[in-house]
Amino acid sequence: MSEFRADQTDEIAAVAARFVVEEGLEYAAAKRRAGKQLGLSSRAPWPDNASMDTAVREYIDLFCADTQPQELHALRELALVWMERLAVFHPLVGGAVWRGTATRHSDIYIQLFCDDAKSAEWTLLDHGVEYHPGSIHGWKGEPVDALTVRCRCEALGQWVLVHLLVQDRDDVRGALKPDAQGRRPRGDVNGLRALLLASVGQGQDE
């Protein structure tokens with residue numbers, strides 16, 4: 001059996017990064033697609049999330065530097081709208097929108113923390129919001145109920161999927177725990193507002 005090349009992890013990350021940026025796939029799905037495209041076995045040296053972050057940012061810098069900042073800003077503004085609407089559930093935004101790697105192909109992921117799992121659904125129904133119930137893997141790998149809303153992002157001129165992950169109120173305690181690199185994997189309303197203000201300031205300085 002041939003040994004894996006030392007640089008194969010980087011190769012997988014580079015291919016997966018294209019799927020993340022161009023198709024909006026999450027890291028796990030992008031790595032699986034990359035492995036299949038490269039004809040790799042399950043024993044391949046899969047890149048970790050830190051390596052994926054680096055590869056995605058490199059891809060954006062090379063191919064999307066002129067458009068990605070505006071697309072990210074538009075998605076963050078839309079995420080903020082939904083977080084403010086659902087403030088009673090202490091929402092946290094995660095995924096590419098929080099990390100700063102989102103493009104127009106990315107979905108928005110917002111975690112809601114509820115005493116009653118049905119309360120988020122009742123709130124959407126009370127406001128006449130159509131949603132699709134489903135399930136998404138949470139940050140601990142467990143299945144989490146998700147309410148997916150399809151809404152219009154006028155700044156991008158397209159429809160965007162907003163996934164509302166319904167979690168137990170007590171889960172909020174570990175939701176902001178820093179990752180291995182000391183970074184917060186998700187943020188609250190104030191954190192997202194700060195990122196939006198910072199991006200506006202950077203745009204004015206250019």
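Observations on the structure shown:
- The ranking of 51, 106 by Cβ neighbour count inside 10 Å, starting from the fewest, reads 51, 106.
- Placing R0 at 22 angstrom, the Cβ-Cβ distance between residue 8 and residue 28 gives a FRET efficiency of 0.75 after rounding to 0.05.
- Charge dipole (the stretch 31-178, unit charges on Cβ, about Cα centre) - positive-most of 102, 79, 42: 42
- For residue 118 and residue 42, the difference between the fully extended length at 0.36 nm per residue and the C-alpha to C-alpha distance is 23.5 nm.
- Cubic angstrom per residue, convex hull over Cα atoms of the chain: 139
- The label-point distance for residue 181 and residue 148, in a model that sets each label 7 Å from Cα toward Cβ, rounds to 2.8 nm.
- Counting beta carbons within 10 Å around each of 165, 147, 197 and listing the fewest first gives the order 197, 147, 165.
- Sorted by Cβ neighbour density within 10 Å, fewest at the top, the residues 159, 139, 98: 159, 139, 98
We did not get these values from a lab; they are worked out from the coordinates using the rules stated. Quick caveat: nothing in here was measured; it's all calculated off a predicted structure. Glycine gets a Cβ as well: all are built from the backbone with ideal geometry, and neighbour counts include every protein chain shown.
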